[in-house]
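Let me begin by presenting the structure, written as structure tokens, before commenting on it.
The values are calculated or read from the model by the stated rules, or taken from the named source; none is laboratory data. Computed from a predicted structure; not experimentally measured. Note: ideal-geometry Cβ built from the backbone for every residue, glycine included; neighbour counts use all protein chains shown.
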Amino acid sequence: MAAGDGALVVLSTVGSADEAQRLATALVEERLVACGNAVGPITSTYRWKGKLCCEPEFLLILKTRRDRLGELVARLKSLHSYECPEILALPVEAGFKGYLSWLVENTTPGEGTEEEGVGARD
């Protein structure tokens, strides 16, 4: 296992599977994240504007680099349907070196594509 080298896992919740897929696709296409996973439905319990809420949501797990976080947060806020979206960034302490290299390659603007052999995961 290699050091995280600035890798981050970013969490965000959304209201539907369609929104989760739309956001993940846009963020991967724009190379702001290398990968986006949608998990759910989950049940979120929280207080919003003085009211206790318990709602189904989908959890987005996004993998990126620390130096892309500012752009990612701005873009995620612009695409997100929530007034106050959950956007939490967690540092990666360690990981498989090959995966971390793939993450860097796929969050670097202007890099090659999987078809060209850059960042292939097999």
* **Enumeration of residues in the range 1-25 that are over 8 Å from the mean Cα position of the chain (by Cα), under 19 Å from GLU57 (Cα atoms) and of a type in the set (Gly, Ala, Ser)** => GLY15, SER16, ALA17, ALA20
* Asked: Of all residues in the range 86-105, how many are surrounded by fewer than 16 Cβ atoms within 10 Å (Cβ to Cβ), outside any helix (DSSP H, G or I) and of a type outside the set (Asp, Glu)?
  -> 6
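Name every residue in the range 1-20 that is touching a residue at least 40 places away in the same chain (Cβ under 8 Å) and either in a helix (DSSP H, G or I) or buried (at least 21 other Cβ atoms within 10 Å of the Cβ) (or both), in order of residue number.
Those that are touching a residue at least 40 places away in the same chain (Cβ under 8 Å) and either in a helix (DSSP H, G or I) or buried (at least 21 other Cβ atoms within 10 Å of the Cβ) (or both): ALA7, LEU8, VAL10, SER12, THR13, VAL14, ALA17, GLU19, ALA20.
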* Between residues in the range 96-111 that are under 11 Å from ASP5 (Cβ atoms) and residues that are in a loop (DSSP other than H, G, I, E, B) and at pLDDT 95 or above, which pairs lie under 7 Å by C-beta distance while being six or more apart or on different chains? -> LEU103/ALA34
* Asked: Among LEU60, LEU23, which is in a strand (DSSP E or B) and buried (at least 17 other Cβ atoms within 10 Å of the Cβ)?
  -> LEU60
* SER81 fails exactly one of the following numbered conditions: (1) closer than 21 Å to VAL104 by Cα; (2) assigned to a loop (DSSP other than H, G, I, E, B). What is the number of that condition? -> (1)
* Asked: Is it the case that GLU55 is outside any helix (DSSP H, G or I), acidic (Asp, Glu) and within 30 Å of GLU105 (Cβ to Cβ)?
  -> no
* To do: For the range 31-57, enumerate the residues that are surrounded by fewer than 17 Cβ atoms within 10 Å (Cβ to Cβ) and of a type in the set (Asp, Glu).
  => GLU55
* Right, VAL28: surrounded by 13 or more Cβ atoms within 10 Å (Cβ to Cβ) and at pLDDT below 95 or not? -> no
* Of the residues that sit in the range 106-122 and are exposed (fewer than 10 other Cβ atoms within 10 Å of the Cβ) and of a type in the set (Gly, Ala, Ser), which one is modelled with the highest pLDDT? -> GLY110
